[in-house]
Amino acid sequence: MIHAKIRNQQEQERLENALQVSKKKNWYRRLKIVQLSARGHTVQQLGELFGLCEATIRNYIHSYNQGGLGKLKPVKQPGRPPKIAHWTKQQWDEVLEQTPNQYEKLDIESFQWTLDRLRLYLKEYHQIDICISSVYYSLRRTGRRTGRSKLRVGSPDPDYTVKRKQIKELQDFH
């Protein structure tokens, strides 16, 4: 029988504190498995309770017994980083302040951005060829809404954004 070994009271407190503050369900599940294992639950019981195979439960317990909470933490899986992961909210704002018809290479008459038009923009102006879902996730990661679009009034005037900010400041002043 394998069980998690909590060596002292301080380690017990660290485990309980980590359980209270954990926000990710996978991390919470690992912590709970260790806690229940230390209380005497078997690997088979834990497997049934959490819907995991026994090998996974054993791996969690072995990891904890070898290195504590640090060794139990999930490791980020390796993989190719997204092509537009470096784009910030400010960079997206600069693109979205203009309407699609103001970008000559796009050759679009529309005033509305869509995910497909943003994908085309990235391909034409930045040589980044990605799928629509990558555009969606990049926008969401930077806090941009991707729901139904609102009609935006744009202008070919290069100082348009500066003028809009000045108007906004005047409106906020009163």
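The values are calculated or read from the model by the stated rules, or taken from the named source; none is laboratory data. As the structure is a computational prediction, the values presented were derived from the model and not from experiment. Reconstructed Cβ throughout: ideal geometry from the backbone, glycine too, with neighbour counts over all protein chains shown.
Quick notes on this one:
- Residue check, ILE84 in a loop (DSSP other than H, G, I, E, B), farther than 19 Å from THR146 by Cα and of a type outside the set (Gly, Ala, Ser): no
- Scanning the range 61-76 for residues that are outside any loop (DSSP other than H, G, I, E, B) and touching a residue at least 12 places away in the same chain (Cβ under 8 Å) yields ILE61, HIS62, TYR64, ASN65, GLY68, LEU69, LEU72.
- Looking only at the range 131-147, and only at residues there that are assigned to a helix (DSSP H, G or I) and of a type outside the set (Lys, Arg), the one that is surrounded by the fewest Cβ atoms within 10 Å (Cβ to Cβ): SER133
- Sub-8 Å Cβ pairs linking a first residue in the range 139-168 that is within 17 Å of GLN102 (Cα to Cα) to a second residue that is at pLDDT below 75, at least 6 apart or interchain, are TYR160/GLY154, ordered by first then second residue.
- Lone unmet requirement of (1) part of a loop (DSSP other than H, G, I, E, B); (2) at pLDDT 90 or above for GLY79: (2)
- The listed residue being surrounded by 14 or more Cβ atoms within 10 Å (Cβ to Cβ), under 30 Å from HIS126 (Cα atoms) and at pLDDT below 90, out of LEU72, LEU96: LEU96
- Per the conditions (1) closer than 25 Å to GLY143 by Cα; (2) at pLDDT 90 or above; (3) hydrophobic (A, V, I, L, M, F, W, C), the sole criterion not satisfied by ALA38 is (1).
- Of the helices (runs of 4 or more DSSP H) lying entirely inside the range 1-60, those carrying at least 2 residues that are within 15 Å of LYS73 (Cα to Cα), in contact (Cβ under 8 Å) with a residue 24 or more places away in the chain and not hydroxyl-bearing (Ser, Thr, Tyr) are 9-21, 25-38.
- Test for ASN8: is it closer than 17 Å to GLY68 by Cβ and loosely packed, with under 12 Cβ neighbours inside 10 Å: yes
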